[in-house]
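Note sheet for the following structure.
Every number in this text was worked out from the coordinates using simple rules, so none of it is lab data. Just so it is clear, the model here is predicted, and its values are computed rather than measured. Methodologically, a virtual Cβ is constructed for each residue, glycine included, from the backbone with ideal geometry; neighbour enumeration extends over all protein chains shown.
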């Protein structure tokens, strides 16, 4: 999926869109996407000016956005103004390697289960094949 199709499957927009491309997707099962991390990201101005590091919460958000794409594709739906896909939980979050400007953050998500609009995922973020972060994520689709 290129950025045009990603924009069709996520309600997020700059500066909060954190998925640049989807390399592989198997609806109902898994997704492999990535985020190009550049020095131009607005958060690097303050985190940290002398040693820029992508905030861990934004790594988790990037994983959640990739999970959202996977869920919408699995439901064969697109975001609508009548619904929202909330980030509902993070368990077992671990941060193993700092993510820096110039890195390509690969987002690997597997669906563990889905029931009544609540989705659970196993998520990993990798840079150059090395684990940067991992977590169990939970998202919920809700009507507005």
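As a check on your grasp of the helix formula, calculate [θ] at 222 nm for the chain: sum -39500 (n - 2.57) over DSSP H runs of n ≥ 4, divide by the residue count, round to the nearest 500. Each step should come with its number before you reach the end.
On the way: 2 runs with 27 residues, N = 144.
That calculation yields -6000 deg cm²/dmol at 222 nm.
The modelled label-to-label distance between residue 93 and residue 76, using points 7 Å beyond Cα along the C-beta direction, is 3.5 nm.
Which of the peptides 63-75, 121-133, 17-29 is most tightly packed, and how do the rest follow, going by the mean number of other Cβ atoms within 10 Å of each residue? Before the final figure, lay out the partial values.
Values: 63-75: 23.3, 121-133: 18.1, 17-29: 16.0.
Final packing ranking: 63-75, 121-133, 17-29.
Grab the Cα-Cα distance for residue 24 and residue 114, subtract it from 0.36 nm times how many residues apart they are, and report the gain in nm with one decimal.
Numbers: separation 90, 0.36 × 90 = 32.40 nm, distance 2.03 nm.
Computed gain between residue 24 and residue 114 is 30.4 nm.
In the chain, the longest principal axis of the Cα atoms and the axis of helix 56-75 are about 30 degrees apart. Report the relative contact order of the chain, percent, no decimals, based on alpha-carbon pairs under 8 angstrom and at least 6 residues apart. Computed over the chain, the figure is 26 percent.
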